[in-house]
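Contents: one structure, followed by commentary.
The values are calculated or read from the model by the stated rules, or taken from the named source; none is laboratory data. Not measured: the values here are computed from a predicted model. Backbone-built Cβ (ideal geometry, glycine too); neighbour counts: all protein chains shown. These area figures cover heavy atoms from the full protein model, side chains too; ligands, DNA and RNA do not enter into them. Shrake-Rupley method; radii C 1.70, N 1.55, O 1.52, S 1.80 Å.
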Amino acid sequence: MIDHTAVNVTDQEAAKAFYSKALEPLGYSLAFEAGAFMGFADSKGMDLGVVRREPVGGAHVAFRCDDHASVDAFYEAAIAAGASDNGPPGIREHYHEHYYAAFVHDADGNNIEAVCQAPQ
């Protein structure tokens, strides 16, 4: 079981603005900041670290959602916050018939996903 994960970024202030806006629809907010580390938390606690360090890019983080509307809201917020599209909201049947997900890249190329795997 994973307790937390982290993505590496080059611009801490830009990443703070992006992740704060992109993750807000999922109930996340900036909970802790010290030096080059920022921790984002939802009501269950802090589980995403955003860290200014090398190497950047290449990470994949997927956030579990309870419904399709949350996936859609994440995607819209992330794109509005400056993410690049890596797969708009939709069913990904190659995973399974209920896998509804959206994918974006942050400014450093990290692949951030929101997914609902429950039937709707």
Output the number of the condition that residue 77 fails; it satisfies all remaining conditions of (1) over 19 Å from residue 6 (Cα atoms); (2) in a loop (DSSP other than H, G, I, E, B). (2)
When you scan the stretch 92-102, do you find a residue that is under 25 Å from residue 14 (Cα atoms) and of a type in the set (Lys, Arg), even just one? no
Restricting the stretch 97-120 to residues that are part of a strand (DSSP E or B), out of contact with any Cys (no Cβ under 7 Å at 6 or more places or on another chain) and open to solvent by less than 10 Å² (accessible area, probe 1.4 Å), the one nearest to residue 51 (Cα to Cα) turns out to be 112
A careful count of residues in the stretch 1-41 that are assigned to a strand (DSSP E or B), open to solvent by 40 Å² or more (accessible area, probe 1.4 Å) and free of Cβ contacts under 8 Å to residues at least 40 places away in the same chain gives 7
Residue 64 passes all but one of the listed conditions (1) within 17 Å of residue 116 (Cα to Cα); (2) of a type outside the set (S, T, N, Q); (3) surrounded by 14 or more Cβ atoms within 10 Å (Cβ to Cβ); the exception is number (3)
Within the stretch 42-61, tally of residues that are over 10 Å from residue 10 (Cα atoms) and open to solvent by 30 Å² or more (accessible area, probe 1.4 Å): 7
